[in-house]
Amino acid sequence: MKLQLIILALALAMPGAPSAQEALDRAVTPEEKGRAIAVEAEKRYDGFGDSVVDLSMTLSNEEGRERTRRLTWKTLEVDLPGAGDKSLTIFHEPRDIEGTAFLTHTHTDRDDDQWLYLPSLKRVKRIASANKSSAFVGSEFAYEDLLSDEVEKFDFLWLRDEACGEWQCHVVQRVPRYRDSGYSRQVSWIDQVDFRPMRIDYYDHKSRLLKSLEFEDYRLYRDRFWRSHQMRMNNVLTRKQTTLIFGNFEFSSGLNDRDFDPSALRQLR
């Protein structure tokens, strides 16, 4: 959580502070409203400290053949100006990918840092900014899809409000500010009650719909944190699909910066 969002959260907790809806009502332009929705969505997600979750990743091709991988995903919030969350993904199965690890340090004031550890080569490879639109270990997720969604990294535009399944959603466009993005824009459906993303459409630089990410099976933790337990990325051009199925999230597990140091990737078990 960034410093300005901490200040916003404290302000919202004070008597007489405007509610999320009041903040949206005060937005004059579609740009202001889009950003206000994004800020509220990020505020609802933040404040968990750290989390650990085991999950499966299933890759499906256009013919329906599937491959499944099992992995652990760890996340650490960083409460420093210019810093975003840190995340670490460790693969356990199948054997040919066991021990592979992916580390991300998100920033709001400069390019993000990403490293990939390949146990077969016993090598830590830094992911260059120009390669962040590449596929992550053969999935339909790109490296940039695994970055935390810091508000400062996008320009926002509220498009409309509409139904999305059983919910009413804000539809918000965001355009990446950072270099070397594989997307010209993204369109998000965010529910109007808990500000949870329900769907994100990704457009390539020819303005074609490239892929769509759907969020399902939301569960509430600690009466505050909503987490999706199923995410499905559909590539509409290739008809390939990657599905993430999450186990139970564990919060406040005692993670710290040392657990997210690139030099520690070789010692992971």
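Look at Gly99 and say whether it is under 15 Å from the mean Cα position of the chain (by Cα) and either part of a loop (DSSP other than H, G, I, E, B) or not aromatic (Phe, Trp, Tyr) (or both). Criteria not met by Gly99. Can we say Ala130 is of a type in the set (Gly, Ala, Ser), loosely packed, with under 15 Cβ neighbours inside 10 Å and in a strand (DSSP E or B)? Answer is no for this residue. Of the residues that make up the range 181-190, is at least one in contact with a helix residue (DSSP H, G or I) (Cβ under 7 Å, 6 or more places away or on another chain), over 27 Å from Asp25 (Cα atoms) and not aromatic (Phe, Trp, Tyr)? The answer is yes, given that some residue of the range 181-190 is in contact with a helix residue (DSSP H, G or I) (Cβ under 7 Å, 6 or more places away or on another chain), over 27 Å from Asp25 (Cα atoms) and not aromatic (Phe, Trp, Tyr). Which one is modelled with the highest pLDDT, of the residues in the range 149-169 that are out of contact with any helix residue (DSSP H, G or I) (no Cβ under 9 Å at 6 or more places or on another chain) and surrounded by 19 or more Cβ atoms within 10 Å (Cβ to Cβ)? Per the stated criteria, the residue is Cys169.
Please enumerate the residues belonging to the range 96-133 that are touching a residue at least 12 places away in the same chain (Cβ under 8 Å) and of a type in the set (S, T, N, Q). Answer for the range 96-133, where residues must be touching a residue at least 12 places away in the same chain (Cβ under 8 Å) and of a type in the set (S, T, N, Q): Thr100, Thr104, Thr106, Thr108, Gln114, Ser129, Asn131, Ser133.
Scanning the range 62-110 for residues that are among the aliphatic types (A, V, I, L, M) and in contact with an Asp or Glu (Cβ under 9 Å, 6 or more places away or on another chain) yields Leu71, Leu76, Val78, Ala83, Leu88, Leu103. The residue list Val172, Val187, Val137 contains one member that is closer than 26 Å to Glu77 by Cα, of a type in the set (A, V, I, L, M, F, W, C), at pLDDT below 95 and outside any helix (DSSP H, G or I), which is Val137. Screening the range 102-127 for residues that are crowded, with 18+ Cβ neighbours inside 10 Å and part of a loop (DSSP other than H, G, I, E, B) and picking the one that is modelled with the lowest pLDDT gives Thr108.
Can you confirm whether Val137 is of a type in the set (Val, Ile, Thr), farther than 21 Å from Ala264 by Cα and in contact (Cβ under 8 Å) with a residue 40 or more places away in the chain? So Val137 fails the test. Residues satisfying the criterion are present in the range 208-221 (criterion: touching a Pro at 6+ places or on another chain (Cβ under 6 Å) and part of a strand (DSSP E or B)).
Residue count for the range 222-239 satisfying the condition of being in contact (Cβ under 8 Å) with a residue 12 or more places away in the chain, of a type outside the set (Lys, Arg) and in a loop (DSSP other than H, G, I, E, B): 3. Any residue that is surrounded by fewer than 16 Cβ atoms within 10 Å (Cβ to Cβ), in contact with a Leu (Cβ under 8 Å, 6 or more places away or on another chain) and either at pLDDT 95 or above or among the charged types (D, E, K, R) (or both) - is there at least one of those in the range 31-47? Yes, the conditions are met somewhere in the range 31-47. Determine, yes or no, whether Val137 is under 27 Å from Gly82 (Cβ atoms), of a type in the set (A, V, I, L, M, F, W, C) and either buried (at least 17 other Cβ atoms within 10 Å of the Cβ) or in contact with a helix residue (DSSP H, G or I) (Cβ under 9 Å, 6 or more places away or on another chain) (or both). Considered against the rule, which asks whether it is under 27 Å from Gly82 (Cβ atoms), of a type in the set (A, V, I, L, M, F, W, C) and either buried (at least 17 other Cβ atoms within 10 Å of the Cβ) or in contact with a helix residue (DSSP H, G or I) (Cβ under 9 Å, 6 or more places away or on another chain) (or both), Val137 comes out as no.
Counting only residues that are outside any loop (DSSP other than H, G, I, E, B) and under 23 Å from Lys240 (Cβ atoms), how many does the range 65-91 have? Talk me through it step by step, then tell me what you get.
First, the residues of the range 65-91 that are outside any loop (DSSP other than H, G, I, E, B): 66-76, 83-91.
With the extra rule that they be under 23 Å from Lys240 (Cβ atoms), the set shrinks to 66-71, 73, 89, 91.
Number of matching residues: 9.
The values are calculated or read from the model by the stated rules, or taken from the named source; none is laboratory data. All values derive from a computational prediction rather than experimental measurement. Positions of Cβ are generated from backbone atoms using ideal geometry, with glycine treated the same way; all protein chains shown enter the neighbour counts.
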